[in-house]
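S.K.: Submitted below is the structure of interest, expressed as structure tokens.
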Amino acid sequence: MSCQLAILCLLTLLLPPLSRGAPMSPAERITQAYNLALSMQENMSTLLQTYLQAQGSPFSDPGFSAPELQLSSLPPADISFKTWNALDDGERLSRVQGAFLALTQHLQLVGDDQRDLNPDNPILLAQLRDARLRAQGMLGNVAAIMTALGLPNPRAEDTLGLVPFGASAFERKCRGYIVIREYGHWTDRAVRDLALFKAKYPS
Amino acid sequence: MSVDQFEHHLKFFSSSRTDCIARMMDIFLCLKQPSRMVDSKRMRMTSNFQWILLTFLLLYLMNQVSSQKKRTPHDLKCVTNNLQVWDCSWRAPSGAGRGAAYEVCIENGSHSCYRLEKNTKIPALSPGDHEVTINFGSSISKFTLNEKDVSFIPDTPEILNLSADFSTSTLHLKWNDKGSVFPRHSNVIWEIKILRKKNMEIVKIMTHNTTLNGKDTVHHWSWTSDMPLECATHYVGIRCHIDDPKFSGHKEWSNWSLLKNISWSSDSQTKVFPQDKVILVGSDITVCCVTQEKVVLALIGSTNCPLIHLDGENVAIKIHNISASESSGTNVVFSVEDNMFGTVIFAGYPPDIPQKLNCETYDLKEIVCTWNPGRPTSLVGPRNTSYTLFESFSGKCVRYKRAEVPTNESYQLFFQMLSNQEIYNFTLNARNPLGQSESTLLVNVTEKVHPHTPTSVKVKDINSTAVTLSWHLPGNFAKIKLLCQIEINKTNSVHELRNITMKGVENSSYLIAVDKLNPYTIYTFRIRCSTKPFWKWSKWSNEKQYLTTEAIPSKGPDTWREWSSDGKNLIIYWKPLSINEANGKILSYNVSCSSDEETQSLSEILDPQHKAEIQLDKNDYIISVVAKNSVGSSPPSKIASMEIPNDQFRPGVRYNFFLYGCRNQGYQLLRSIIGYVEELAPTVAPNFTVEDTSADSILVRWEDIPVEELRGFLRGYLFYFEKGERDTSKMRGLESGRSDIKVKNITDISQKTLRIVDLQGKTSYHLVLRAYTDGGMGPEKSMFVVTKENSVGLIIAILIPVAVAVIVGVVTSILCYRKREWIKETFYPDIPNPENCKALQFQKSVCEGSSALKTLEMNRCTPNNVEVLETRSMVPKTEDTEIISAVAERPEDSSDVEPENHVVVSYCPPVIEEEIANPGADEAGGASQVIYIDIQSMYQPQAKPEEEPENDPVGGAGYKPQMHLPVTSTVEDLAAEDDLDKTAGYRPQANVNTWNLVSPDSPRSTDSSSEIVSFGSPCSINSRQFLIPPKDEESPKSSGGGWSFTNFFQNKPND
């Protein structure tokens, strides 16, 4: 719990990066975003485990994995190395930003779903809320990097418009699983992307 | 073909023929028998052939009859579908072509004929036989027609509509019974069949009963499928059976209607049905997967399920007896090759009846109803139980909003009270997708008030013993009475509870007065309230501490006085008032002394000082002391003093003092005190006698000693006893340390008898009794007693030897009688055997020892007894007489005298004899102690002239201590001394309480607490002189040392 509180405090520092008095250098912003991505990565497996555990068997069975489940409203994190390597700074950052924008909205949806399905599991609900806040934090950080690097900042768009609200409980469980799984994949990719930026823009 | 073969063929043939043919066969078989017998004869052959011809003839005849029948109409049959018209038909005669005309005549009361083609519809005939004639050309057929032969087959029903509610898996069927065609009311049984899948497996056949009422009626019927309707095509068919009670013919089922079907038009997406279904724990459910891919696996949770194949690739699974789901439901998953589909089932329970429904109010503004949900439903979130509280008199209701986190703790709902309504009839309805339940409660809220915790407790002064207490109790209690409890806590005191009934108010503020408090005391108040009639206490309010105001001191300080050492000044002491008496902080004291002539007041003495000194003459004075606090002065405490000269009193004499107060009505005895200036030892020993003796005990009784001879307060008796006779040398002093002397200290002075037990029988005992006071031991009185013999022992001692002697005698006699021959031979032989003669043996044994040579041996003469005459050495008698008197005069402390210092007492008193004390001792006790010393000193040289007097310290210590205190009062007096120390050396000389309260006979009874009871001036200080050497350990302990005057008023304990 104290760990979560510490992260929340960190997030409050990170969320309004532009409002701070002294403007930060791009390298500082990259480092900050990179550290956030690392902390997100650390909490990833716990979140997925907690989530699956709460959905009942077969989701909670050990080694559960359903790579075949996909969600069209979420951009896939998988990318060929060649393509990834060839991305320019603006494209790389805007893809991360787009993904985390979608993830933020999807995590909100998953949180709502779980409030219906698992209202008696406050730990899960709190972890989902934390994940959403971290995704928002990442969104803000990436936007700040783009501003610092002088890259065009695309407008945020509603990625969730097509999400069917009348989804069945099973669909919601699956949707939550995909969102959290993709959140993990995108976190991994963000760590790699930001590591690249760190190397490119040393402080 | 042989005959046998033919027979065989015929036999085979016959089995499938009519009776007629069978009969022919029998004939034929009869004929065949002789043919076997005469097989070779031709005649027989001819006969067989005739039989075959006969057979054919018969067959021909039968055919002729049959063809005759086929030439006329036959097989008349009638059916009806509405009971009004019979539809009759018959078989047309052979040769009749299509369109052949018939004339049908029916004898139905009147003769009616119809010209018809093959079938005819005739109106229903009345019950009974009717003759029907059908003419066809020249041939006429006659039938008998009865209603019983008519079949009633209703028309095939038609399904008007078949619809489905997929969400509930329910089929709705609609059809018309066409009842208008039937003349009468009759019951109809509808049979409905449900078929499933494309191969139309029958799932269910059910019946449905209705009544025809002469009108066309549309009927509805619904059926819920155990399998979701989406899973497979469902077909429905219907037929009916009309049970008309008046129709006596055959009633048959109608034909099945055309089947109608329901199927789910799927887009090509795979779907699982049902979705998010809530079902009861323990029920069965079928789940299907509508797909075009091949399902490889179905799981319920993690359990594999056998697949039931439906049309196409669709599959279903059946779950039996489902167990309660966890909160996120039970997952059912169908896996196709590269994907998974599923659904969630929520198995739970309908809501339990709400338990422990209780409605009460805190403030008569709002009613709080609480309840327990009972058994968990296993359903959460949107499926959780919703509660509605409905009040039937007002018709209002409140809904319970679902808590984010469901708990099994009590739920609560608030209901706004309505003005002018006291009685509420609540119904709490619990509902979830599986059902509902409710519980009701009729409540009079004015009897169910559970007040809030009182707040804002405030205390204000009224006076020093009363305060007002105010508090705030939220709520409108104007219509009811409150019962409040005030807890009053005083430090180091038990808490006190006071109940107060008060009228409730509207504005929540309450105020009461609390009286009977002590001034200048810290109190802690707290309050709780309930209502009348009692329902529940509120919680206790916070504690409120308060110090009451000061009041004037309730009494003056305890005072006493003392002359200064030079005798010129009077020192006045007083004891600080206790908190209870001071009623505040004492600031100062006023002291004044008044005599007949003048009143002398001292200036104000500030508090920490509790003593004052006044220069006064030795007159009679009244001294008064007043304590003052901020409120005022205490009543004065006065002591009066009067001095009685010391030389009027003598030691060892009992004085009675009577103190009278001068009142308006005259003199009144305030108190009487008995005391001695100085206690002395008793001058006489108590008279005692032996009441009873037995073999092992002696009962002794003694008498009181007169007061004049007691010379002090009697503290007890010492009783010594030892074995000893009057004339033996053991009669010595009763020193302590001698183990054979037993001592009993009798401190209960009311005891007048003593039983000494565990003594030996027929033994002389020396008994000594003496009394003692705080002044010392009195003289002894001794006595000798012989205990009685132990008679049982004596009898046993006689009986046993006698019995032994008799037994030995008897045994000896028997032995002697039995061995009499041997005895006679041995001791009294008739004729001595010469061989036994020893005199004649010597020749034989010449060479044997010289002893054998003796013929006669003479015993030496020895004396039988030696008597030695001895003389006893006795103590000279002359000494005895002298010592008798010495014993009588022995001092009371002689137990300390060393044994060797005494002369052995050896005289022979009678068995019981009183030793009379020396009259000289009386004189010594009655006189002074100087005389006592003289007696001692006179005695010592007499007994041991060679010894120095100092060797006997007690004997030499003739001076008796004057300050002896009671033996029994050691603890009390120690405590008293402690108290004296506490009061910083002040010794009150005028204890007001003891003046007034104590009865004259028990002066010490109130003194258990502190002060030593004594009054008067310390003028007897001069007489205190320690003239004696250190006391021996037997002496009663002394206490209260420094004041010799205390001895003056040594009081009797337990008087």
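The values are calculated or read from the model by the stated rules, or taken from the named source; none is laboratory data. As the structure is a prediction and not an experimental result, all values here were calculated from the model. Ideal geometry is used to build each Cβ from the backbone, glycine not excepted, and the neighbour counts take in all protein chains shown.
S.K.: When the residues of segment B:627-636 are filtered to those that are in contact with a strand residue (DSSP E or B) (Cβ under 8 Å, 6 or more places away or on another chain) and surrounded by fewer than 21 Cβ atoms within 10 Å (Cβ to Cβ), which remaining residue is nearest to B:E562 (Cα to Cα)? I'd like the intermediate steps shown before the answer.
M.R.: If we filter segment B:627-636 for residues that are in contact with a strand residue (DSSP E or B) (Cβ under 8 Å, 6 or more places away or on another chain), which is where we start, we get B:627-630, B:633-636.
If we keep only those that are surrounded by fewer than 21 Cβ atoms within 10 Å (Cβ to Cβ) as well, we get B:628, B:630, B:633, B:635-636.
Values: B:K628: 23, B:S630: 30, B:S633: 25, B:P635: 22, B:P636: 19 Å.
Residue satisfying both the conditions and the ranking: B:P636.
S.K.: Among the listed residues B:H472, B:H452, which satisfies the condition of being more than 14 Å from chain A (Cβ to nearest Cβ), touching a Pro at 6+ places or on another chain (Cβ under 6 Å) and not hydrophobic (A, V, I, L, M, F, W, C)?
M.R.: On the way: B:H472 fails: touching a Pro at 6+ places or on another chain (Cβ under 6 Å).
Checking each option against the conditions leaves just B:H452.
S.K.: Sticking with this structure for a sec: Within segment B:279-295, how many residues are within 13 Å of chain A (Cβ to nearest Cβ) and surrounded by fewer than 20 Cβ atoms within 10 Å (Cβ to Cβ)?
M.R.: First, the residues of segment B:279-295 that are within 13 Å of chain A (Cβ to nearest Cβ): B:287, B:289, B:293.
Going one step further and asking which of them are surrounded by fewer than 20 Cβ atoms within 10 Å (Cβ to Cβ), we end up with B:293.
Qualifying residue count, segment B:279-295: 1.
S.K.: Counting just the residues of segment B:156-194 that are under 60 Å from the mean Cα position of the chain (by Cα) and assigned to a loop (DSSP other than H, G, I, E, B), which one comes out farthest from B:E252 (Cα to Cα)?
M.R.: This residue is B:S167.
S.K.: Then there's this: Quick one: count up the residues across segment B:321-332 that are crowded, with 21+ Cβ neighbours inside 10 Å, more than 7 Å from chain A (Cβ to nearest Cβ) and in a loop (DSSP other than H, G, I, E, B).
M.R.: 1
S.K.: Is segment B:303-311 home to any residue that is closer than 30 Å to B:Y387 by Cβ, outside the structural domain of B:N432 (by the TED database) and either touching a strand residue (DSSP E or B) at 6+ places or on another chain (Cβ under 7 Å) or aromatic (F, W, Y) (or both)? Walk me through how you get there before you give the answer.
M.R.: The first filter runs over segment B:303-311 and keeps only residues closer than 30 Å to B:Y387 by Cβ, leaving none.
No - not one qualifying residue is present in segment B:303-311.
S.K.: Going through B:Y589, B:Y546 one at a time, which residue ends up being in contact with a strand residue (DSSP E or B) (Cβ under 9 Å, 6 or more places away or on another chain), modelled with pLDDT of 85 or more and crowded, with 21+ Cβ neighbours inside 10 Å? Talk me through it step by step, then tell me what you get.
M.R.: Details: B:Y546 fails: crowded, with 21+ Cβ neighbours inside 10 Å.
Just one listed residue meets the conditions, B:Y589.
S.K.: I'd like to verify a number: residues in segment B:333-355 that are among the aliphatic types (A, V, I, L, M) and away from chain A (no Cβ under 13 Å), how many? Give the derivation first.
M.R.: Taking segment B:333-355 first, the residues among the aliphatic types (A, V, I, L, M) are B:333, B:336, B:340, B:344-345, B:347, B:353.
Imposing the further condition that a residue be away from chain A (no Cβ under 13 Å) reduces the set to B:353.
The qualifying residues number 1.
S.K.: Considering only segment B:463-502, state which residues are surrounded by fewer than 12 Cβ atoms within 10 Å (Cβ to Cβ) and part of a strand (DSSP E or B). Outline the logic, then answer.
M.R.: As a first pass, look at segment B:463-502 and keep what is surrounded by fewer than 12 Cβ atoms within 10 Å (Cβ to Cβ): B:478-479, B:491-495, B:497, B:499, B:501.
Selection gives B:L497, B:N499, B:T501.
S.K.: Considering (1) modelled with pLDDT under 85; (2) assigned to a strand (DSSP E or B), say which one B:N745 fails and leave the rest.
M.R.: Going through the list (1) modelled with pLDDT under 85; (2) assigned to a strand (DSSP E or B), B:N745 breaks only (1).
S.K.: Determine which single condition B:K516 fails, assuming it passes every other condition in (1) part of a strand (DSSP E or B); (2) touching a residue at least 24 places away in the same chain (Cβ under 8 Å).
M.R.: (1)
S.K.: Out of A:P62, A:P67, A:P76, I need the residue that is closer than 18 Å to A:D188 by Cα, within 14 Å of chain B (Cβ to nearest Cβ) and not in a helix (DSSP H, G or I). Which one?
M.R.: Working: A:P62 fails: closer than 18 Å to A:D188 by Cα; A:P76 fails: within 14 Å of chain B (Cβ to nearest Cβ).
Of A:P62, A:P67, A:P76, the one residue that is closer than 18 Å to A:D188 by Cα, within 14 Å of chain B (Cβ to nearest Cβ) and not in a helix (DSSP H, G or I) is A:P67.
S.K.: Are any residues in segment A:163-196 within 14 Å of chain B (Cβ to nearest Cβ), under 14 Å from the mean Cα position of the chain (by Cα) and buried (at least 23 other Cβ atoms within 10 Å of the Cβ), and if so, which ones?
M.R.: Correct list: A:G176 only.
S.K.: Separate question: For segment A:83-115, how many residues are touching a residue at least 40 places away in the same chain (Cβ under 8 Å) and within 14 Å of chain B (Cβ to nearest Cβ)?
M.R.: Looking only at that region, the number is 3.
S.K.: Which one is nearest to the other protein chains (Cβ to nearest Cβ), of the residues in segment B:220-278 that are out of contact with any strand residue (DSSP E or B) (no Cβ under 8 Å at 6 or more places or on another chain) and charged (D, E, K, R)?
M.R.: Taking segment B:220-278 as the starting set, the residues that turn out to be out of contact with any strand residue (DSSP E or B) (no Cβ under 8 Å at 6 or more places or on another chain) are B:246, B:248, B:265, B:267-269.
When the remaining residues are screened for being charged (D, E, K, R), the result is B:246, B:267.
Numbers: B:K246: 58, B:D267: 14 Å.
Among them, the one singled out is B:D267.
S.K.: Scan (1) more than 60 Å from the chain's Cα centre (by Cα); (2) closer than 26 Å to B:A164 by Cβ for the single condition B:V287 breaks and write down its number.
M.R.: (1)
S.K.: Which condition number does B:V631 fail, the rest of (1) assigned to a strand (DSSP E or B); (2) under 60 Å from the mean Cα position of the chain (by Cα) being met?
M.R.: (1)
S.K.: Criterion first (without any contact (Cβ under 8 Å) to a residue 60 or more places away in the chain and either over 37 Å from the mean Cα position of the chain (by Cα) or surrounded by 14 or more Cβ atoms within 10 Å (Cβ to Cβ) (or both)) does B:Q436 satisfy it?
M.R.: Answer is no for this residue.
S.K.: Being more than 26 Å from B:F334 (Cβ to Cβ) and buried (at least 21 other Cβ atoms within 10 Å of the Cβ): is that true of A:Q114 here? Before you say what the answer is, go through the steps one by one.
M.R.: On the way: more than 26 Å from B:F334 (Cβ to Cβ): no; buried (at least 21 other Cβ atoms within 10 Å of the Cβ): yes.
Taking the combined requirement at face value, the residue does not satisfy it.
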